[in-house]
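Have a look at the structure below before the remarks.
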Amino acid sequence: MALQIFVFLLLEDYGNYWIHRLFHHSFLYKHIHYKHHEYTSPMGAAATYAHWAEVLVLGIPTLVGPAMVQCHVVTLWAWILLRQLEAIETHSGYDFPWSPTWLIPFYGGPRFHDYHHEVGGHSHCNFASIFTICDWLYGTDKGYYAKVAAEEKMKTPLGAFTRLV
């Protein structure tokens with residue numbers, strides 16, 4: 001069961017990355033994906049708040065794994081439940097330290113996806129749903145890590161003073 005769900009995670013993340021990135025094309029964003037970005041501040045309900053066509057199309061990567069691998073119905077239910085809980089957590093705006101999602105290697109989490117919404121509707125970054133691998137491979141995570149580095153620099157007293165010089 002765990003191995004199957006791990007394979008489902010990989011397949012879903014890769015498919016979701018490309019479809020989500022495609023939805024940020026100006027035509028698709030203007031007519032479909034804009035609805036999901038109406039919530040600029042993070043909240044769990046925004047995870048499923050989307051145009052019906054987006055829900056339909058982004059559901060495909062979620063079901064590719066179970067369709068390819070013959071799995072027990074309980075595995076399918078566990079996968080769908082895990083996927084929905086992860087999507088809600090990613091959009092929640094909170095890094096819960098007790099969340100089991102932090103056991104997932106290369107997990108992006110709420111901060112990673114919040115940046116995608118923070119940048120705004122014409123965001124060209126942080127498209128992946130679970131892992132950060134596709135964003136790293138295709139260079140769509142650079143803005144996020146530049147922001148993180150700038151925030152870290154501002155936390156140090158030296159970093160704060162170097163801006164004034």
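The values are calculated or read from the model by the stated rules, or taken from the named source; none is laboratory data. It should be emphasised that the depicted structure is a prediction, and the values quoted were computed from it without experimental measurement. As a convention, Cβ positions derive from the backbone with ideal geometry for all residues, glycine included, and neighbour counts pool all protein chains shown. Please note that ligands, DNA and RNA were not included when accessible areas were found on the heavy atoms of the full protein model with its side chains. Shrake-Rupley method; radii C 1.70, N 1.55, O 1.52, S 1.80 Å.
Brief remarks follow.
- Given their separation in residues at 0.36 nm each and the Cα-Cα distance between them, residue 43 and residue 60 gain 3.7 nm when the chain is fully extended.
- Degrees separating the helix 142-155 axis from the principal Cα axis of the chain, which is the longest one: 40
- Within the shell of other residues whose beta carbon sits under 15 angstrom from the beta carbon of residue 98, the net charge comes to -3, with Lys and Arg scored +1 and Asp and Glu -1.
- Taking a straight line from the alpha carbon of residue 30, these aspartates and glutamates sit under 18 Å away, with near neighbours fewer than eight places off in the same chain left out: 38, 54, 118.
- Counting only protein heavy atoms and a probe of 1.4 Å, the accessible surface of the chain is 70% carbon and sulfur.
- When 106, 6, 127 are compared by accessible surface with a 1.4 Å probe, the order from highest to lowest is 106, 6, 127.
- Heavy atoms of residue 89: accessible area, 1.4 Å probe, square angstrom to 10: 20
- Basic side chains Lys and Arg get +1 at the Cβ, acidic Asp and Glu get -1 at the Cβ, and with that the dipole of the stretch 1-144 about its Cα centre reaches some 240 debye.
- Per residue, in Å², the accessible surface of the chain once ligands and nucleic acids are set aside, probe 1.4 Å: 60
- Förster-model FRET efficiency, 22 Å R0, residue 30 and residue 52, C-beta, rounded to 0.05: 0.85
- Model label points for residue 151 and residue 85, set 7 angstrom from Cα along the Cα-to-Cβ axis, are 2.5 nm apart.
- Degrees, to the nearest 10: 52-68 long Cα axis against longest axis of the chain: 60
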